[in-house]
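In what follows, a single structure is set out as structure tokens and then discussed.
The values are calculated or read from the model by the stated rules, or taken from the named source; none is laboratory data. Quick caveat, the model's predicted, so the values are computed rather than measured. We place every Cβ from the backbone using ideal geometry, glycine too, and count neighbours over all the protein chains shown.
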């Protein structure tokens, strides 16, 4: 069953209804270290300001958990499925992330072989 982010919004107040998993994801939002410590060979000239902000938002989670799914990134960044896919595709192309799995089982990990 596919869950939409709109299913987690209170219809009366418009507030986000947090589940245990999403509360844990929100707490993991800020990176514990600088982004350059996590991604050692990052070339910021190739990334736009928006892409860097997205990468900073998921960096803390990746540092703690070593992998992230599209859905987790959506919860962390409040971005759509299509936007998250676009960012992940760019980071894979630049060699910052590596892909594991296919389709719904796809996870992204920090590329340590840079």
Does segment 68-81 contain any residue that is surrounded by 14 or more Cβ atoms within 10 Å (Cβ to Cβ), farther than 22 Å from residue 103 by Cα and either modelled with pLDDT of 85 or more or more than 12 Å from the chain's Cα centre (by Cα) (or both)? no
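Among the residues of segment 93-105 satisfying the criterion of being at positive phi and outside any helix (DSSP H, G or I), which is surrounded by the fewest Cβ atoms within 10 Å (Cβ to Cβ)?
First, the residues of segment 93-105 that are at positive phi: 95, 101, 103.
Keeping just the survivors that are outside any helix (DSSP H, G or I) gives 95, 101.
On the way: 95: 14, 101: 11.
Only one residue fits best here, namely 101.
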Sort out which residues of segment 51-67 are farther than 21 Å from residue 105 by Cβ and crowded, with 16+ Cβ neighbours inside 10 Å, and write them in order of number. 51, 54, 55, 56, 57, 59, 60, 63
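If you scan segment 72-92, which residues turn out to be within 15 Å of residue 106 (Cβ to Cβ), without any contact (Cβ under 8 Å) to a residue 12 or more places away in the chain and either in contact with a helix residue (DSSP H, G or I) (Cβ under 8 Å, 6 or more places away or on another chain) or not in a helix (DSSP H, G or I) (or both)? Working first, answer last.
Let us first name the residues in segment 72-92 that are within 15 Å of residue 106 (Cβ to Cβ), namely 72-74, 81-82, 84-89, 91-92.
Keeping just the survivors that are without any contact (Cβ under 8 Å) to a residue 12 or more places away in the chain gives 81-82, 86, 89.
Of everything in segment 72-92, just one residue is within 15 Å of residue 106 (Cβ to Cβ), without any contact (Cβ under 8 Å) to a residue 12 or more places away in the chain and either in contact with a helix residue (DSSP H, G or I) (Cβ under 8 Å, 6 or more places away or on another chain) or not in a helix (DSSP H, G or I) (or both), namely 81.
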Condition (residue is at pLDDT 85 or above and within 12 Å of the chain's Cα centre (by Cα)) applied to segment 36-52: is it met by at least one residue? yes
